[in-house]
Amino acid sequence: MDEHIQTSQHMLDTLSSDHARLMARTRMPRFYAVGIGILAGVLDVMWWVIGTAFAGGSLFGLHTTALLIIALIINTVCLLGSAAIILAVRRIRGVGFWSLDRTQYVPRSARQRLLHGIVVSALLLAIMLGSAALCLLLGFRLASFLWIPPVAIIAGALTAVVQQAGITLSERQTVMEDPS
Amino acid sequence: MREPQFDEVIHAPIRLRICGLLATYSPMRFDVLRDTLQISDASCSKHLKTLADHSYVSLSKKPGADKGYKITWVALTEQGRRAFDEHVAALRRIVAGEI
């Protein structure tokens, strides 16, 4: 009987150890949510700076709306550039499926990657468009540079919080519940 | 909480650990499972086949990153999750001296 108890305890301990090792590999790096938040904040600052720089001007005789579209295009290019930097960092750090050599973290399925990509993209897009809407609402003439830091900080912090909540939620979903 | 139910298929240590890992994270790539358990390809395949024969896991092959090879993904089925939970509950009951 004692032998059965010992064997069962050993198996439970092994399961627990496997679980802990796997969880350590499924956790995203700590800098991740903060990094995305800072990125959103920086992009937001850029949107405002580009927007206010173009506002009221008549560069090459173009209409303000055209200038705003140009600003949006420039910001989109910056966004894509940032995405490329994130991918490069992830590749070097061994995060995700597209990493150098063997991945340090547990690779996610195509569906999980797609869902994560959609959520992050939608979040950044919402920040950009939300910022643009706020710019238009306030009017660029009213939107002095004083607006830029608080809006960018709030947008960045909001993004970081949502991103961290997403990471925590996905981690919680993978945690094996204790049946006892 | 599941009713404790000892399962002879899951009871084998490697199969129990496979189910434990998949209960934590699923679907999982075959190579990750093999490396985490530190077992050979053949051993991992053999145990997965046994679990798949009992419909406890599902295996699917999908193209890899460079499309040149296929990667096997392993997922725990609902039936497998239930059997695993019940088996772990039975182990806990044994440890508690209730059986």
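See the values below:
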| quantity | calculated |
| --- | --- |
| Out of B:ASP31, B:ASP41, sole residue that is within 22 Å of A:LEU22 (Cα to Cα), within 11 Å of chain A (Cβ to nearest Cβ) and over 12 Å from the mean Cα position of the chain (by Cα) | B:ASP31 |
| Scan of region A:76-94 for residues that are assigned to a helix (DSSP H, G or I), surrounded by 13 or more Cβ atoms within 10 Å (Cβ to Cβ) and at pLDDT below 70, ordered by number | A:ARG90, A:ARG91, A:ARG93 |
| Conditions (1) within 14 Å of chain B (Cβ to nearest Cβ); (2) closer than 27 Å to B:MET28 by Cβ; (3) modelled with pLDDT of 65 or more; number of the one not met by A:ILE5 | (2) |
| Residue count, region A:113-128 (criterion: modelled with pLDDT of 70 or more and more than 13 Å from the chain's Cα centre (by Cα)) | 1 |
| Subset of region B:25-34 (residues that are open to solvent by less than 20 Å² (accessible area, probe 1.4 Å) and either part of a helix (DSSP H, G or I) or of a type in the set (Gly, Ala, Ser) (or both)) | B:VAL32, B:LEU33 |
| Residues of region B:35-62 satisfying the condition of being at pLDDT 90 or above, open to solvent by 20 Å² or more (accessible area, probe 1.4 Å) and part of a helix (DSSP H, G or I) | B:ASP41, B:ALA42, B:SER43, B:SER45, B:LYS46, B:HIS47, B:LYS49, B:THR50, B:ALA52, B:ASP53 |
| Count - residues of region B:5-15 that are open to solvent by 50 Å² or more (accessible area, probe 1.4 Å) and part of a helix (DSSP H, G or I) | 3 |
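Let's see how each residue does on (1) basic (Lys, Arg); (2) at the interface with another protein chain (Cβ under 10 Å from one of its Cβ atoms); (3) under 11 Å from the mean Cα position of the chain (by Cα); (4) open to solvent by less than 30 Å² (accessible area, probe 1.4 Å):
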{"residue": "B:GLU3", "(1), (2), (3), (4)": "no, no, no, no"}
{"residue": "B:ARG17", "(1), (2), (3), (4)": "yes, yes, yes, no"}
{"residue": "B:VAL74", "(1), (2), (3), (4)": "no, no, yes, yes"}
{"residue": "B:THR77", "(1), (2), (3), (4)": "no, no, yes, no"}
{"residue": "B:GLY80", "(1), (2), (3), (4)": "no, no, yes, yes"}
{"residue": "B:ALA89", "(1), (2), (3), (4)": "no, yes, no, yes"}
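The values are calculated or read from the model by the stated rules, or taken from the named source; none is laboratory data. The structure presented is a predicted model; accordingly, all values stated were derived computationally and were not measured. Note that we place each Cβ from the backbone using ideal geometry, even for glycine, and neighbour counts take in every protein chain shown. Each accessible area value is taken on the protein alone, full model and side chains, heavy atoms only, with ligands, DNA and RNA left out. Shrake-Rupley method; radii C 1.70, N 1.55, O 1.52, S 1.80 Å.
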